Amino acid sequence: MTPMLTRLLSMDRVHLSFKDKRVLDSLTFEVHRGETFGFLGPSGAGKTTTIKLLTRQLTKDSGTVELFSRPIENAHDADYERIGILSDTSSLYERMSIEDNLRFYAKVRGVSESAIAPLLERVGLTDDRKTLVKKCSKGMRQRATLLAALIHNPELLFLDEPTSGLDPAARLEVHRMLKDLHDQKTTIFLTTHDMTEAESLCDRVGILDNGHLVACDTPEALKQRFAQNKVRIVMNDKSIRETTKDAAGAVIIAEALESGKVLSIHSEEPSLNDVFLRLTGKEFE
Amino acid sequence: MNAALRKIGALSIKDAKDLVRNPAIAVCALMPIGFMLLYRYVMFANVPSEAEAEMNSFLIGTAPCFAVGMICAMTILYALSEEKEKHTLRTLMLANVSAGQVMIAKVFVSLAVIVIVDVVCFFVIGVDASLLAPYIAIAFFGSLSIVLLSLVLGLVSRDMVSSGVYALPIIVLALLPMFSMFGESFETIASYSPCGGMYDLMVMLQEGRLFTSDALVALAVMFGWIAVCAIAFVLVFKKLGKDN
């Protein structure tokens, strides 16, 4: 039996223009409880604008935006206490330590300070908790800022390019944290232009181009949609044979294997980057 | 309501701690005390006894003007601009804190610091201790116009550089009554400035004329400026409170 999906937020035919420039064009999608939804697109596609609309920082021109099954215009302040947001510009107080910043946000959110230690432990910042934010590396700052957004254990988390500018190690730590949150059934709305990140973290992705959603599905389904019916056999002498993924192809593969001269066999799977290219005719930046 | 009070409380504690952490703000907050010490014990150290009352009038009027100018420029104007420039204000708002709550906390901390500095200045000047209660009351209400004006300029300024430009008129306006000694026409202008009412009431307090009809004009000036600045604040807050 298919599990019942609870819609946590949605947009229906949302339009937004800044002066003469159309930024969002009939944007329609929904995000279900407990899923990690990736919003993909190059810079300027409208990803941050979408988050701003969903978090009351901007107002739409037309269409419907629903948050917790309520039109966003009728959302209560209490609804926003159930949300955590890490924007592209989120930052902590530089003259305060990581721990003092988290204490401050714990007070603002009305949660016990006992929530801080496990969070610091989770992202490996326990030993650096007394470090002033101004003396932290970019990776430490980003993880600490993410903790400030998580301090009240939100049901819904908006993350705008959470790993932008991080080194690979810090990026992996953030990914591990997001996977933990996903396991704890936190709903995550994530914008990124990193395809690998989207593939490894997201249950579903929406591909945005010029403010218009050109596809929305699981990464696997999107890749399957553009998968080619092609298998490539590389022989020991570097010669290449191409065949199809059907019975006739199976015979050719079997013959090649019997010859004992096969170096490798590849199924031609497209990456999400290829999917984006096919859908929009553009390369990712 | 509880959530709003909790947030204002957390913001106030954070802002108060920042006074100590930020040397620029701490120095500006202590500057009025330093100036009063300088006036009292260096510049006016050998004032003849017959001129002492006049000196005390000048100092008791000057101290709260100095305090409100320096403290508001730093704890409200500069601090708000810094929060904007470093994106901590936006981060706060995304944590469901309203612009109003941020401003109430800043006003609360500023007024608390102004009153503390005013009280220290009062004892440095060394006037009759029985004047302390009315002195605090006048200093508190007299500071409100500059506090509101600082909020207006804090809303308008986009970054710390522009706050530096806006701080100048705040300090000049606050200190204007100090220069009333430079001539009668100057004194008249100074009397009608935002801190002019407060300065004149302080002088009357020192001279024992506070509870006479002489004080009515100064009271009207003081509360008039509070009303004007409050209206300006409401108008600017409605326009820029969310966007800017």
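The values are calculated or read from the model by the stated rules, or taken from the named source; none is laboratory data. Just so you know, these numbers come straight off a predicted model, no measurement behind them. As a convention, Cβ positions derive from the backbone with ideal geometry for all residues, glycine included, and neighbour counts pool all protein chains shown.
Brief remarks follow.
- Filtering A:54, A:58, A:86, A:102 for residues that are crowded, with 21+ Cβ neighbours inside 10 Å, within 11 Å of chain B (Cβ to nearest Cβ) and not charged (D, E, K, R) leaves a single hit, A:86.
- Within the set B:122, B:66, B:108, the sole residue that is closer than 18 Å to residue B:140 by Cα and surrounded by 23 or more Cβ atoms within 10 Å (Cβ to Cβ) turns out to be B:66.
- The set of residues from region A:62-83 being of a type in the set (Ser, Thr, Tyr) and within 11 Å of chain B (Cβ to nearest Cβ) comprises just one member, A:80.
- Residue A:251 meets the conditions (1) of a type in the set (Val, Ile, Thr); (2) surrounded by fewer than 17 Cβ atoms within 10 Å (Cβ to Cβ); (3) in the same structural domain as residue A:121 (by TED's automatic domain parsing) in every case but one. The failed one is (3).
- In region B:69-177, counting only helices (runs of 4 or more DSSP H) that sit wholly within it, the ones holding 3 or more residues that are of a type in the set (A, V, I, L, M) and away from every other protein chain (no Cβ under 14 Å) span B:99-125, B:132-156, B:160-175.
- Neighbours by Cβ (under 6 Å, 6+ apart or cross-chain): first from region A:113-130, among the basic types (Lys, Arg); second crowded, with 17+ Cβ neighbours inside 10 Å: A:129/A:98; A:129/A:99; A:129/A:120; A:130/A:97
- Checking each residue in region A:30-70 for being among the charged types (D, E, K, R) and part of a helix (DSSP H, G or I) picks out A:47, A:52.
- Number of the condition not met by residue A:126 [criteria: (1) at pLDDT 95 or above; (2) within 23 Å of residue A:166 (Cβ to Cβ)]: (1)
- Flag for residue A:145 being of a type in the set (S, T, N, Q) and touching a Ser or Thr at 6+ places or on another chain (Cβ under 9 Å): yes
- Candidate set: region A:38-48, residues that are surrounded by 22 or more Cβ atoms within 10 Å (Cβ to Cβ) and more than 13 Å from the chain's Cα centre (by Cα); chosen: the one nearest to residue A:157 (Cα to Cα): A:46
- Within region A:189-210, residues that are on the phi > 0 side of the Ramachandran plot sit with their Cβ atoms under 7 Å from residues that are among the aliphatic types (A, V, I, L, M) and crowded, with 18+ Cβ neighbours inside 10 Å, at 6+ positions apart or across chains, in these pairs: A:210/A:45.
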